[in-house]
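Trainee: I'd like to ask some things about the structure below.
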Amino acid sequence: MAAKRASQVKKSVWLTPGPVRGRRSPRAGEGGPGSLDREVIVAAAVRLLDEQGEARFSMRGLAARLDVTPMSLYWYVADKDDLLELALDVVAGEMARPEVGDGSDWQAGLRALAVTWRAAMLAHPWAIRIHGDYLNIGPNSMRYSARALEIARSSPLSEADAMAALSAIFQYTYGFTATEVNWSEKAAEANGTTDDLIEEITEAVRDLPGVADSGVLVERPREPDHLLRERDFHRALDWLLIGMQSGLH
């Protein structure tokens, strides 16, 4: 028998009919108090994920939050993976869809796409950690992606360059935001701010042999770290957009 491939594409909740992924309605006595449906469950999951993160999130904990039995959740979602994928699409629904216009301000449109994606991920840090685990083809994600394509195609870039421009924007935004989330969470674990964490790390390595003379320890600006991150995000985004414009000449 052939070995199972480790890199199989995950089966998406959006690609499988509803009755297969979760049953239509709960049996008598299983639903718990109040009106339980998939929308209520997913909204509660997003709130719990915001509080606890995806590592601590469980169907049992969600059931307790909703005051229902764990099994009652499975009438609406097949498993935790489906629920996380549904929750991701809720986050995508928070992303603004910039106007396309006549294409004369296409760079502003690309910037707006990056800004709103980053804002949603910073508001829900768990989302960026699991974003790459799913196809992100829910209705909200698809509407956002469709608008991104409209904006890119409204530019004077060729079709190939427009797709490359979108790729560059989102790969940059993903990497920058993932780093932000990582630092913020490490700082929170240490009961401090990112400024505190950077200072602590700097002091810890300052006396290591060769560090002081290596030039890796630079004088940091006196601005708070969150302001520096905001400035750096937009500055690098400027450079990306300027590069795209220069490619037209």
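The values are calculated or read from the model by the stated rules, or taken from the named source; none is laboratory data. The shown structure was predicted, so the numbers you read here are calculated from the model rather than taken from an experiment. Here the Cβ positions follow ideal geometry from the backbone for every residue, glycine too, while neighbour counts run over all protein chains shown. Each accessible area value is taken on the protein alone, full model and side chains, heavy atoms only, with ligands, DNA and RNA left out. Shrake-Rupley method; radii C 1.70, N 1.55, O 1.52, S 1.80 Å.
Trainee: Could you list all residues from the range 211-223 that are open to solvent by less than 100 Å² (accessible area, probe 1.4 Å) and modelled with pLDDT of 70 or more?
Mentor: GLU223
Trainee: Out of VAL68, VAL42, I need the residue that is assigned to a loop (DSSP other than H, G, I, E, B) and either in contact with an Asp or Glu (Cβ under 9 Å, 6 or more places away or on another chain) or on the phi > 0 side of the Ramachandran plot (or both). Which one? Talk me through it step by step, then tell me what you get.
Mentor: Values: VAL42 fails: assigned to a loop (DSSP other than H, G, I, E, B).
Sole residue among the options that is assigned to a loop (DSSP other than H, G, I, E, B) and either in contact with an Asp or Glu (Cβ under 9 Å, 6 or more places away or on another chain) or on the phi > 0 side of the Ramachandran plot (or both): VAL68.
Trainee: Go through (1) modelled with pLDDT under 85; (2) touching a Phe, Trp or Tyr at 6+ places or on another chain (Cβ under 7 Å) for PHE176 and report which single condition fails.
Mentor: Answer for PHE176: the failing condition is (1).
Trainee: Taking the residues in the range 118-149 that are aromatic (Phe, Trp, Tyr) and touching a residue at least 60 places away in the same chain (Cβ under 8 Å) as candidates, determine which candidate is most open to solvent (accessible area, probe 1.4 Å).
Mentor: Only one residue fits best here, namely TYR134.
Trainee: Between ASP81, ASP89, which is buried (at least 19 other Cβ atoms within 10 Å of the Cβ), assigned to a helix (DSSP H, G or I) and among the acidic types (Asp, Glu)?
Mentor: Numbers: ASP81 fails: buried (at least 19 other Cβ atoms within 10 Å of the Cβ).
Sole residue among the options that is buried (at least 19 other Cβ atoms within 10 Å of the Cβ), assigned to a helix (DSSP H, G or I) and among the acidic types (Asp, Glu): ASP89.
Trainee: Test SER167 against the stated conditions and say whether it is touching an Asp or Glu at 6+ places or on another chain (Cβ under 8 Å) and either modelled with pLDDT of 95 or more or closer than 30 Å to ALA108 by Cα (or both). Reasoning before the result, please.
Mentor: Details: touching an Asp or Glu at 6+ places or on another chain (Cβ under 8 Å): no; either modelled with pLDDT of 95 or more or closer than 30 Å to ALA108 by Cα (or both): yes.
Answer is no for this residue.
Trainee: GLU94 passes all but one of (1) at pLDDT below 95; (2) open to solvent by 80 Å² or more (accessible area, probe 1.4 Å); (3) not polar (S, T, N, Q); which number fails?
Mentor: Here GLU94 clears every test but (1).
Trainee: Okay, moving on. List pairs: first residue in the range 187-206 and touching a residue at least 24 places away in the same chain (Cβ under 8 Å), second residue open to solvent by 60 Å² or more (accessible area, probe 1.4 Å) and assigned to a helix (DSSP H, G or I) anywhere in the structure, Cβ distance under 7 angstrom, at least six positions apart or on different chains.
Mentor: Cβ pairs passing all conditions: THR194/TRP183.
Trainee: Here's something else I'd like to know. Name the one entry in ALA168, ALA152 that is of a type outside the set (Asp, Glu), open to solvent by 10 Å² or more (accessible area, probe 1.4 Å), over 13 Å from the mean Cα position of the chain (by Cα) and under 16 Å from LEU240 (Cα atoms).
Mentor: Working: ALA152 fails: open to solvent by 10 Å² or more (accessible area, probe 1.4 Å).
Step by step, each of ALA168, ALA152 is checked, and only ALA168 is of a type outside the set (Asp, Glu), open to solvent by 10 Å² or more (accessible area, probe 1.4 Å), over 13 Å from the mean Cα position of the chain (by Cα) and under 16 Å from LEU240 (Cα atoms).
Trainee: Ok, one more. Which ones in the range 66-118 are within 24 Å of the chain's Cα centre (by Cα) and of a type in the set (Gly, Ala, Ser)?
Mentor: Scanning the range 66-118 gives ALA78, ALA87, ALA92, GLY93, ALA96, ALA108, GLY109, ALA112, ALA114.
Trainee: Condition first: open to solvent by 20 Å² or more (accessible area, probe 1.4 Å), of a type in the set (S, T, N, Q) and more than 27 Å from HIS234 (Cα to Cα). Can you find one or more residues in the range 63-76 that meet it?
Mentor: yes
Trainee: Given (1) touching an Asp or Glu at 6+ places or on another chain (Cβ under 8 Å); (2) over 19 Å from ALA236 (Cα atoms), where does LEU122 come up short, assuming only one miss?
Mentor: Of (1) touching an Asp or Glu at 6+ places or on another chain (Cβ under 8 Å); (2) over 19 Å from ALA236 (Cα atoms), only one is false for LEU122: (2).
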